[in-house]
Amino acid sequence: MKKLTRRHLLRQTRLLPLVAVPVPLLSGCGEEPVSGCSAPELLTRGDLEMRGTMAYTDRSPDSDQTCGNCLFFQGGEFDGCGGCNILAGIIDREGYCESWAQRI
């Protein structure tokens, strides 16, 4: 029998955060989740602070200014989700932050 080491445990569990969590499990205290793209548990403290500084939200208050039509948005493989050249992590196509710039 192989001895369980810290290194072995870390190797076996490193992909656990990437496992798809059903959206209802992401909600808290009976609230509906804002976005299926949201995965704050995968972000560093600095990344979360940057999102706060840029006032990122999963739903833009202005339908003409969304991440999906922003210069910095990078389309993703999943419905409505992608990336950003400024903010780390998964970004919702319907989101918005103060760095929004019209795609030319």
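Exactly one residue out of L87, L42, L26, L18 is hydrophobic (A, V, I, L, M, F, W, C), open to solvent by 60 Å² or more (accessible area, probe 1.4 Å) and at pLDDT 85 or above, and it is L42. The residues of the stretch 45-64 that are polar (S, T, N, Q) and under 13 Å from the mean Cα position of the chain (by Cα) amount to a single one, T57.
When the residues of the stretch 52-84 are filtered to those that are part of a strand (DSSP E or B) and more than 11 Å from A101 (Cα to Cα), the one that is most open to solvent (accessible area, probe 1.4 Å) is Q74.
The values are calculated or read from the model by the stated rules, or taken from the named source; none is laboratory data. The shown structure was predicted, so the numbers you read here are calculated from the model rather than taken from an experiment. Accessible surface is based on the protein model in full, side chains and every heavy atom, while ligands, DNA and RNA are left aside. Shrake-Rupley method; radii C 1.70, N 1.55, O 1.52, S 1.80 Å.
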